[in-house]
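Q: My questions will all concern the structure given below.
The values are calculated or read from the model by the stated rules, or taken from the named source; none is laboratory data. Every value quoted in this text rests on a predicted model; they were computed, and no experiment measured them. Here the Cβ positions follow ideal geometry from the backbone for every residue, glycine too, while neighbour counts run over all protein chains shown. We work out accessible area using only protein heavy atoms, side chains counted, and drop any ligands, DNA or RNA first. Shrake-Rupley method; radii C 1.70, N 1.55, O 1.52, S 1.80 Å.
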Amino acid sequence: MARIDISFNGNQALIPRAEELARELNLPLAITGESNSDFQLVITSERLELRDVRNPRLSPVCVDFTSLDLRPYSNNLSRRQPLARAIGKKTRTVVDATAGYGQDALLLALMGFHVTAIERSPVVAALSRDGLQRFIKHTGINLSGRLQRVMGDSRSLLPALVPRPDAIYLDPMFPPKRRKSAAVKKEMQLLRDLVGDDADAVELLDICCAIAGDRVVVKRPDDAPPLVPEPSMSLTGKLVRYDIYLAQHWADA
Ligand SMILES: C[S@@+](CC[C@H](N)C(=O)[O-])C[C@H]1O[C@@H](n2cnc3c(N)ncnc32)[C@H](O)[C@@H]1O
């Protein structure tokens, strides 16, 4: 289990925010540069960033959605791209049950789906919240309530959801892939160091299959086997594959 503490970048005005975050996440407050932890969540005047105390030469990681291409008809927002097609034309409500930094959940909300994003790591959820707040401030985009964020473990939260979502989306941690950019590698490596491998992903998929109204979609590397054999269908995207498990199929199985 990684040790984490909270700090601020030397500006005394940030102390109250650092104290509040420390209370919220139940983590100790430390002075930057005097930490005994593995990681430090540092509040700066611009953002919340995660620093690797064990390797200070690594630059800090923050969640930044401001470079997403959001021009009308950009690939990110197109309902013709594999992610949107995998979620389904008739789908209105989606639970992203492994929300992580929240990029996929945000893209789905921007495409018009009503998304509930669940993340169980409080540190990852705090980074994601900060990224989303800066994105909204920077772009002025109004998601009109289409993105709701929830902290907790989807295995226990999903069975209590009313009404059931049309689709559940899963993107569990998977082994590092060959052709990733250095930037993606750094963020994903830190995420992996923080949350570890999602060894309970098959259990989560089982729960999702019993709850989704229409389908469960699992994102996988394009060269990895399905999380559980025999999805109803698959769509291949750039370096990833979306395996789709239709409710009708497992009800009949
Ligand atoms: C690969 S990341 C997801 C990345 C995400 N799709 C994005 O666009 O940023 C996987 C995340 O799922 C979370 N996770 C795994 N199992 C979970 C569960 N049962 N409940 C909630 N979160 C879970 C992990 O903590 C991790 O942050």
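Q: Would you calculate a helix-derived [θ] at 222 nm for the chain, using -39,500 (n - 2.57) for each DSSP H run of n ≥ 4 and dividing by the full residue count, to the nearest 500?
A: -9000 deg cm²/dmol
Q: Output the pairs from 89/238; 186/219; 89/137; 137/219 with a Cα-Cα distance over 27 Å in this structure; if there are none, say none.
A: From the list (89/238; 186/219; 89/137; 137/219), the Cα-Cα distance tops 27 Å for 89/137; 137/219.
Q: How do 17-23, 110-116 rank on mean C-beta neighbours within 10 Å, highest first?
A: Put in order of decreasing packing, that is 110-116, 17-23.
Q: While we're looking at this one, here's another question. Show me the chymotrypsin sites (Phe, Trp or Tyr not before Pro) within segment 1-92 that DSSP assigns to loop and that have at most 16 other Cβ atoms within 10 Å of their Cβ.
A: For chymotrypsin sites (Phe, Trp or Tyr not before Pro) across segment 1-92 that sit outside H, G, I, E and B with at most 16 neighbouring Cβ atoms in 10 Å, the list reads 73.
Q: Please say if segment 110-154 is rounded, prolate or oblate, where rounded means a/c under 1.5 for a ≥ b ≥ c the square roots of the C-alpha gyration tensor eigenvalues, and otherwise the choice is prolate for a/b larger than b/c and oblate otherwise?
A: The shape class here is oblate.
Q: Tell me the accessible surface of residue 236 in square angstrom (1.4 angstrom probe, heavy atoms of protein chains only), to the nearest ten.
A: 100 Å²
Q: Roughly how many nanometres apart are two label points built 7 Å out from the Cα toward the Cβ at residue 17 and residue 29?
A: Output for this residue pair reads 1.5 nm.
Q: For residue 168, what residues show an amide H to amide H distance below 5 Å, using hydrogens built from the backbone and excluding near sequence neighbours?
A: Distant-sequence amide H within range of residue 168: 95, 215, 216, 217.
Q: Might you tell me the accessible area per residue for the chain, computed with a 1.4 Å probe and given in Å²?
A: 53 Å²
Q: Another question about this same structure. Quick query: amide H of residue 2 versus all other amide H atoms, modeled in the peptide plane; which residues come in under 5 Å with a sequence gap of 5 or more or a different chain?
A: Residues meeting the criterion, in which the H sits 1.01 Å from N, do not exist here.
Q: With each pseudo-label sitting 7 Å past Cα toward Cβ, what's the residue 235-residue 76 distance in nm, one decimal?
A: The answer from the label model is 1.9 nm.
Q: What is the spin-label model distance, in nm, from residue 193 to residue 59 if the labels are put 7 Å beyond Cα along the C-beta direction?
A: 1.6 nm
Q: Tell me which residues come under 5 Å, amide H to amide H, from residue 8 once H is placed; ignore anything under 5 positions away on its chain.
A: Here 32, 43 satisfy the definition.
Q: Each residue of segment 29-35 in turn: what ³J(HN,Hα) in whole Hz from Karplus with 6.51, -1.76, 1.60 and θ = phi - 60°, glycine and Pro shown as x?
A: Going residue by residue, I get 9, 9, 8, 4, x, 10, 9 Hz, with x marking Gly and Pro.
Q: Same structure again: So between residue 164 and residue 203, what do we pick up on full extension, going 0.36 nm a residue minus the alpha carbon distance?
A: Contour length minus the Cα-Cα distance gives 12.2 nm.
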